[in-house]
Structures are given as C-alpha cells and as structure tokens.
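The values are calculated or read from the model by the stated rules, or taken from the named source; none is laboratory data. No experiment lies behind these values; they were computed from the predicted model shown. Please note: Cβ atoms are built from the backbone with ideal geometry, for glycine as well, and neighbour counts cover all protein chains shown.
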Amino acid sequence: MAADPGALARMFRARRIAVIGASDRNPFSAPVIRNFDRFGFAGEVMLVNPRGTPVQGRPTLRHVRELDGGADAAFVCVPSHLVLETVAEACDAGVTGLVIVSSGFAEVGGEGAAQQEALRRLARERNVALLGPNALGFVNFVDNVPLSVLERQNMRGSFGIASVSGSVGGYLAKIADAQGLGLSHMVLAGNEAGVTIADILDFLVDDEDTRSIGVFLEAVYDPARFAAAAERALRAGKPIVLLKAGRSANTAQLAAAHTGALVGEDRAFDAVARELGIARVDSYEDLIATARLLEATGPVARPGVAALTISGGSGEVLSDLAGSANISFPAFSPAVRAELDGIVSGFGTACNPLDLTGAALANPALWERLLTAIAADPEIGLALCIWDLPVGGEPEWIVQTLDAIARGYKAHERVPPLVTTVAEPVTPVGRDALAAAGLPGSVAGLKAAATALAHLRDWSRRALDPRPVSLAVSSGPAPSPAPRPHGERALLGWLDAHGVPVIPMRLAADAEAAVVAADATGYPVALKIAAPALAHKSDLGGVALNLADAAAVRAAAADMIARIGAGHAVEGVTVSPMRRPLAELIVAITRDAVWGPMLVLGLGGVWVELLDDSVMLPLPATPNRIVAALRSLRAAPLFDGARGRPPVALEPVAEAIAAIATGALALGPDLATLEINPLALLADGVEAMDAWGEWTA
C-alpha cells in the first residue's frame, strides 16, 4: 500500500515540525535542531522533552499530546521500545508525517522485525507518512525544510536523492556539492516500513523542482509500485540513476543485516532496470556524473558523439574509454569535415575526437567556430568539450574559452556539461565561471564521462521508445491454470501446442522398437534416453548422435536402456532425425522472487556455462526485444555467419522464443524453471530439441 501522497508532500514541505525526544544530550535531536537555524527554517518548531527543560535555548513541551494542532512532520528520536507508543500518541495529536531515527527493528530480526511490522500497520491504519525506522530524515533544499541528522547545506538545484542509507545519501550529497550539482531534495528512507523508495520516486517525479533522481537501495519491497514510479519518471524525462547493493552473495548478506532487506537475484534487477530505463551505476562518483549529464542533455536521439580538446592524448584516452562501452565517435560527414578542414588545416586534422592543439589557447574563438560546424553533422547527437575549470588567478583566455564554447553550443540542440580532464572538486571560481557562461556544470574526469555517455545512450533509447514497460511482476502464489507436464516429451508437447517448432520425436520402449522408429524417421538419427526425472542426459551417456544404420541404433538403445535403467526409471529411448544447426541457443524461463518470470538466453549446449555468456530480460517480451537481447551476446557474431556458415535470420528465432515464453507463462506461477537446451537454429527455421522443467512444489 502506498504512503498517502498528501501526507508525504506535507511532510517534505512542512511548515510545522515537532522533535520528539529532544534533549541537549541526544546525538540525533541536537543536529536536527541546529539545522533549523542553519537553513533559516521559517516554519514553527516544537520540541518535546519529558522533563520540560529547554533544549538549545528553546522551550519544550512535556508530552506529545501538547502538540496543539498537530504537525506536518515529527522527528522521533526515542528508544526503540518506546517508538510504537510514541507514534500512536503523535497520530492522536494530529501529526501526519513522522521520521523515525531509532534503530533495532527489522535489521536485528526477531522482536525487532515484529515491532517494525506493527509500525507499518499503524502507519497504514492512521494514514500517516512514516519515514523509517532507522532513517536519518530528509532535507528540502528548495523550501529550506531540514529534518535530518546530517548537517549538510548543499546549494539548491534540481537533483533529488532517495537513499535507504543515511550515510550513502550524505556521501552522494557531498560529491554532488563538490561537483557543483545542486540538490532539490534528499530523502533518507531507512528500513522503509512506511514510506518506500517507490513513494519517494513518485514524489520526486511530480516535484517541479526536480529534474533528475539519484537512488541508493538494497531491495525493492513493492516491485509493482517501484516499476510504475520508474516508468512515470521515464515518460517525464527525469532520469533515474541508481546504485544498488547486492551484486555479490556477501553483499546481499550485508544488506540483510543493514535493513533486513531481501535482496533477490541481482541479474533480475539488472534486467528490470534496463526495461525501466534506469541507469544502474557502480560508484557514488559515477552516479553524480551520470545524473549531471542526463539532466543537462535530456534524451539524445542520435548516438554519435564528438569530442573537442586541446590535448590529443586526452581525446585518445576518452575515445578508448568510450570505445570499451561501445560509444560511437563517428568520422565527421564529408561536408562537415570539409568545413572543419578549412578551420584546422594550419595546425591539425578534422578527426573525431578533434584536437584543437595549442592554437585554441591563442584563439579561443576556435571553439565556437568548430562547435558551430559540427552541429550540422547528421550523425552527431552530442558534442563534448574537454576543458578544465578555473580555480582563480588564470589568464583572461580561460574565461574567454568558456564564453566561446557557450556561443558554439547555440547551434546545438543539446548542451552537455563540460568534461574536465581529471576528477577535481569544482571551486567557487569555477562554479561562477560556468554560471556566467551559461553552461550546465561539468563532469569530473574522462572515466566518469565515458561511463555517463554509455548510460546516456541506453537511457535515451528507452526514453525515446514509446513502447510501454512490460513486466509480469510476481504477485504471489496462485492456482496453476494448467497441468504440470513432466519430462522432455511432455514439455515439448506442451510447447508444440503453443506454437513452438519442436523436433519430431518417436518413443521406443526397447531396442527393436528403436530400430523401427529409426527406419521410419530416416538415417542418420539421434537417440536419447526417455527418463522424465533426468535433467542432464548426456552426463550419464544418455545421448547418441549420428547413428547411421539399424545396427548402430540397436546397440545404442540396448546399452542405454540397460545401463541407465539400472538406476533410474526409464520409458525407453526417443528417436529423432539428426540436425546440423547453424547455431544453438539455451532458452530458459526462471521466476525471480521479487520480479516474477524472467527469460534467459545464451549460447546453447554446454557453452552457456563455460563461456558465461547469457542475457536476462523480464517477461513478457516482444520479438523485437528478444532480437536486441540476442544481439547483445558476445556470441552474436555467430548469427551473422562465421567460417563459411550462412547467417541466421533472428526474427523467426525471436518469434519461437516468444512462443516458448508464452507457453511457460501459461503454466502459471508454480513453474520454477523451464529450460530448452538446445534451441536449434536451422537454415530453414528453428526447433526446440530438448526441454526440462522444475516446479516450486
């Protein structure tokens, strides 16, 4: 259930605030109260102290019930065993928003988890916005509403932070400040017993002062609402740049210890993030750099990037870094190259990245002329300028260069931040110089810029794609709408009924029946042991290929049935025609505990495990999405033909995979795994050659 949007908005824009448990010795209340003065909070502040003694020179109330008229927000800093009673009393007094800083709840398990669940129920019953527990609060930098333990006073801007960790939120704010990225809101959610990250996203999407959103989380507690909020952000053109813990098993355990989070499978979240257009990063610095770039440019339709620099070496380093992320620095079009040659012929060549050399130091106007010319290139969607910011005491041409760059960008649809050569803090002098030139800040360092460019490309593609988000988010157990086919033959029969091309297969109970089946099929044939409970038949010698005559079939069938049948229940063998596929895929449907059914694609046979080359995407999936996923595999060049083999038409392959997914979804939520390995890609079509399934119960 979502937090009440009205109560949440009132809390984040509070004009009447209470601090419950305030004292001069309380390490949580003291910085909160100091923040009111530091930020110049213009609303009313009420402090509650059971002894009624003044706190930081301010008068106090003895009891929560004395909060005449309630409050838009209350900061609760009492021992954990008093929190539930205090929150109930605050609700009775008319408080509609609460920040619970106290810890000792779900993160410790047992009774703490039970107390947190009671808090969650109370917040729902009383329809209040409850942030926490274990939350360090929030700061509204636009309206100067500080209700946080963190004593940060960032400059006002349009970047909103939503973090389950108070410390991480503080680090992000610190780096944003160092890089000159102003904040609109910082919300530190803690354990998300009431207000979740999805609630905060909804608020920030609707907030007119927020243009980009940075998120740190450990788990998603309400996947359907999180996805809906992220899709709203995508359609509003507000990029979400996200750092999520839990990539490793050890980190997942740490996350559970921190907030009691169920982290889930990380690859599934990666797939969901791609579908939602979320830029997932791996560091605080990349989060800030990516948010800066995406906020400044918005979605960029043309993927080509140009770079201008006075250091050829820096241009080469950026090109290498970006190239590893498949960022395109295309050659300039003939017409643009001719114009650029006319400008740089005396000192350089019109390559991309473009080296202005030291000539630009003597003639800053070169930046304007070159940027203006590049704007006409139909392949270039973004032009970056690599230039370090002034720190004070520089010659006049430093500032003149910024002005020239700004004039050059007037011919461009998108104006990106400057890219500095190395990651250094933006000084007040540099910040003022950027503002005076009208440039949208800077990205700190070439590596951060390359990472941000990759995220800009991916986010732009998704933001400009009108296709709705497609997620069959898990909604919990439900009766299975279909029978449970067990074993290879039953599963292939089910898929065949759902439009999946399946290899012909005859069941033979003994060796002589296998010969009859092989004669009817035509040689050469393939034999497989028919044992519904066996997943990996080849590991037990249960597969024989290229059997060219009746004698070979008779011997192989007799051996398999006798040898494997001694330890397993077998029905005989299956006989199929031999195929010589152009390539083989593994197609698997799994069910993530948080996000529901997922499709996994990779090179088939044993190669998927040996090469670790697979891609996951959430279901349902359209054929176009499946083609794009196949193209993202490292093995994708095989589809274009290799070593004399003809290319594979991926469209019919994707149609077959989509049919497999449809058949799997029709088996209901009790299907844990369905694996087709291999799916043979043939010159004249595609066939499922083997299938295996597992059920949750």
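Per this entry, ALA365 is not counted among residues that are surrounded by 17 or more Cβ atoms within 10 Å (Cβ to Cβ) and either in contact (Cβ under 8 Å) with a residue 40 or more places away in the chain or small (Gly, Ala, Ser) (or both).
Any residue at all in segment 672-689 that is touching a helix residue (DSSP H, G or I) at 6+ places or on another chain (Cβ under 8 Å), touching a residue at least 60 places away in the same chain (Cβ under 8 Å) and in a loop (DSSP other than H, G, I, E, B)? No, segment 672-689 has no match at all. From the list SER345, SER333, pick out the single residue that is in contact (Cβ under 8 Å) with a residue 40 or more places away in the chain and surrounded by fewer than 23 Cβ atoms within 10 Å (Cβ to Cβ). From the options SER345, SER333, the qualifying one is SER333. Could you tell me whether ALA289 is modelled with pLDDT under 95, part of a helix (DSSP H, G or I) and small (Gly, Ala, Ser)? Answer is no for this residue.
Of everything listed in (1) within 22 Å of ALA411 (Cβ to Cβ); (2) over 40 Å from the mean Cα position of the chain (by Cα), the single unmet condition for PHE347 is (1).
Can you find a residue that is within 28 Å of PRO485 (Cβ to Cβ) and within 24 Å of the chain's Cα centre (by Cα) anywhere in segment 628-651? Yes, that holds for at least one residue. The residue that is farthest from the chain's Cα centre (by Cα), counting only those in segment 201-251 that are assigned to a helix (DSSP H, G or I) and among the aromatic types (Phe, Trp, Tyr), is PHE203. The listed residues are ALA557, ALA535, ALA508, ALA531, and the only one of them that is within 13 Å of GLY572 (Cβ to Cβ) and modelled with pLDDT under 95 turns out to be ALA531.
Within segment 326-336, track down each residue that is assigned to a helix (DSSP H, G or I) and either touching an Asp or Glu at 6+ places or on another chain (Cβ under 9 Å) or within 30 Å of LEU633 (Cβ to Cβ) (or both). Answer for segment 326-336, where residues must be assigned to a helix (DSSP H, G or I) and either touching an Asp or Glu at 6+ places or on another chain (Cβ under 9 Å) or within 30 Å of LEU633 (Cβ to Cβ) (or both): ALA335, VAL336. Every listed requirement among (1) in contact with a strand residue (DSSP E or B) (Cβ under 6 Å, 6 or more places away or on another chain); (2) more than 18 Å from GLY487 (Cβ to Cβ); (3) of a type in the set (Gly, Ala, Ser) is met by ALA530 save one, (2).
Residue count for segment 628-647, restricted to those that are within 16 Å of LEU617 (Cβ to Cβ) and either assigned to a loop (DSSP other than H, G, I, E, B) or not assigned by TED's automatic domain parsing to the domain that holds MET616 (or both): 2.
A quick yes/no check of all residues on (1) among the charged types (D, E, K, R); (2) touching a residue at least 60 places away in the same chain (Cβ under 8 Å); (3) under 20 Å from ALA118 (Cα atoms):
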position	(1), (2), (3)
ALA176	no, yes, no
HIS185	no, yes, no
LEU188	no, no, no
ASN191	no, yes, yes
VAL195	no, yes, yes
LEU201	no, no, no
THR210	no, no, no
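Looking across segment 56-75, the residues that are in contact with a Leu (Cβ under 6 Å, 6 or more places away or on another chain) and hydrophobic (A, V, I, L, M, F, W, C) come down to ALA73, ALA74, PHE75.
Restricted to segment 346-432, the set of helices (runs of 4 or more DSSP H) holding at least 2 residues that are touching a Gly at 6+ places or on another chain (Cβ under 8 Å) and among the aliphatic types (A, V, I, L, M) comprises 365-374. Going by what's in this entry, would PHE36 be described as assigned by TED's automatic domain parsing to the domain that holds ALA123, at pLDDT 95 or above, in a strand (DSSP E or B) and at negative phi? No. The set of residues from segment 379-420 being under 16 Å from ALA436 (Cβ atoms) and of a type in the set (A, V, I, L, M) comprises LEU389, VAL391, ILE398, VAL399, LEU402, ALA404, ILE405, ALA406, VAL415, LEU418. Listed by first and then second residue, the pairs linking a residue in segment 517-541 that is at positive phi to a residue that is assigned to a helix (DSSP H, G or I) and crowded, with 19+ Cβ neighbours inside 10 Å, with Cβ atoms under 8 Å apart and 6 or more places separating them unless they lie on different chains, are GLY541/MET560; GLY541/ILE564.
Based on what the data block shows, is ALA517 among the aliphatic types (A, V, I, L, M) and more than 21 Å from ILE676 (Cβ to Cβ)? Yes, satisfied.
Checked across segment 104-124, the condition of being assigned to a strand (DSSP E or B) and either hydrophobic (A, V, I, L, M, F, W, C) or touching a strand residue (DSSP E or B) at 6+ places or on another chain (Cβ under 9 Å) (or both) holds for no residue. Take segment 109-147 and flag every residue that is aliphatic (A, V, I, L, M), over 22 Å from ASP222 (Cβ atoms) and under 28 Å from the mean Cα position of the chain (by Cα). Scanning segment 109-147 gives VAL139, VAL142.
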